[in-house]
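Asks: Please see the structure below; I have some questions.
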Amino acid sequence: MKRIALLVVGIITALAMVGCGGQPGGKDGGDTAAYPKKPIEMIIPFGEGGASDTFARKFADIMAKDMPQPIQAINKKGSSGLVGMVYAAQKKNDGYTILEVTPSMVIADALEVSESIKFMKDFEPLARIQSDIYVLCLPGDSRFSSFQELVEYGQNNPVTFAGVSPGGLDDLTLNALADATGVDIKFIPYKSGSEVKAAVLGGEVDIYLDKIVSAVNYIKDGKVKPVVVLNEERIDKIDVFKSVPTTVELGYDVTIGSWRGFVVKKGTPQEIKDYLIDKMEKAYATQEYQDFAALNLVDIRPGYLDAEGFYKQWESEYEKFEAVAKKVGLK
């Protein structure tokens, strides 16, 4: 984590030399009443082709159909989304830069990765659009047949967990679940999601976390088996999950999952935020987006959350991530 922190500080310092964005209404700010009078940039802080990229581009296209100017999706990947966040922080707070966000930004604050830029201080929420659900899976031939068996074993023996980023969402979420159950877990890092899957299928590790859409076909093929869903209610709309208990059902209040939404730089005029929020709410309600959400299995629990509710979620998850980070020595 220290190496990651130093890398990010270096990135922030370099970008800061370019100069910070100014206030709207100046020479370049323009009249907010005419907004938008030029294309809007949507910063995707991840690489092309992934779930976050696909979602943001699709949502930008749907939003722009109801706007006089296009929304241009721009990828700024690196450091689990922090490169994109730093880039957006250097832009003017005039509403012409929208940043896609995920739990990675809240985690960066909780781990104090940067002293100069803080996600929850420097940005303001517009809306959450998607809320993904995690499922805990085991190799298809695992010796455990239920979550209860895994917990009983793990309370007296270390359980190995495959993941990509130490201190990332998967790591902190599973540590929160381990803390609630008393299970002793050992994180085994891999370079990519595909390597994680290979490790699980090869029996190199005991467990891993996956999103519903990514796990469903592996489950159908019998390659992995789900033992608990991190959710309040069972997933009845998908056959392979109907018999899988939830964390809340088993008495563990751990429902952390991934999510995606959008923010603007702090200080953006309220009328511009209201305009963007209105367009996002309408885009979310379109049949085109609802079909996209259903196809990607992100319609199981409500995705849309307004700005106030979205910020409250950041605060709640910040507390959880910070507590877990301290417990496992990441902070």
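The values are calculated or read from the model by the stated rules, or taken from the named source; none is laboratory data. No experiment lies behind these values; they were computed from the predicted model shown. Cβ placement follows ideal geometry from the backbone for every residue including glycine, while neighbour counts extend to all protein chains displayed. For the accessible areas, the whole protein counts, side chains as well, though only heavy atoms, and no ligand, DNA or RNA atoms are used. Shrake-Rupley method; radii C 1.70, N 1.55, O 1.52, S 1.80 Å.
Asks: For the subset of segment 150-171 comprising residues that are touching a Lys or Arg at 6+ places or on another chain (Cβ under 8 Å) and not aromatic (F, W, Y), which member is surrounded by the fewest Cβ atoms within 10 Å (Cβ to Cβ)?
Replies: Selected residue: P158.
Asks: In segment 72-84, how many are outside any helix (DSSP H, G or I) and either under 16 Å from Y289 (Cα atoms) or touching a residue at least 60 places away in the same chain (Cβ under 8 Å) (or both)?
Replies: Qualifying residue count, segment 72-84: 1.
Asks: In segment 278-307, how many residues are touching a residue at least 40 places away in the same chain (Cβ under 8 Å) and either open to solvent by less than 60 Å² (accessible area, probe 1.4 Å) or within 27 Å of A110 (Cα to Cα) (or both)?
Replies: 19
Asks: Just wondering, is there one or more residues in segment 67-76 that are open to solvent by 10 Å² or more (accessible area, probe 1.4 Å) and over 29 Å from D274 (Cβ atoms)?
Replies: Within segment 67-76, not a single residue is open to solvent by 10 Å² or more (accessible area, probe 1.4 Å) and over 29 Å from D274 (Cβ atoms).
Asks: Which ones in segment 90-106 are open to solvent by less than 10 Å² (accessible area, probe 1.4 Å) and either part of a helix (DSSP H, G or I) or at positive phi (or both)?
Replies: G95, P103, M105, V106, listed by residue number.
Asks: Another question, if that's okay. Among the residues of segment 156-215, how many are part of a loop (DSSP other than H, G, I, E, B) and over 21 Å from G81 (Cβ atoms)?
Replies: Within segment 156-215, residues that are part of a loop (DSSP other than H, G, I, E, B) and over 21 Å from G81 (Cβ atoms) number 9.
Asks: Name the one entry in Y311, Y275, Y318 that is within 30 Å of K186 (Cα to Cα) and touching a residue at least 24 places away in the same chain (Cβ under 8 Å).
Replies: Exactly one of Y311, Y275, Y318 is within 30 Å of K186 (Cα to Cα) and touching a residue at least 24 places away in the same chain (Cβ under 8 Å), namely Y318.
Asks: Separate question: What about K327, is it closer than 23 Å to V151 by Cβ, of a type outside the set (G, A, S), surrounded by fewer than 18 Cβ atoms within 10 Å (Cβ to Cβ) and at pLDDT 95 or above?
Replies: Answer is no for this residue.
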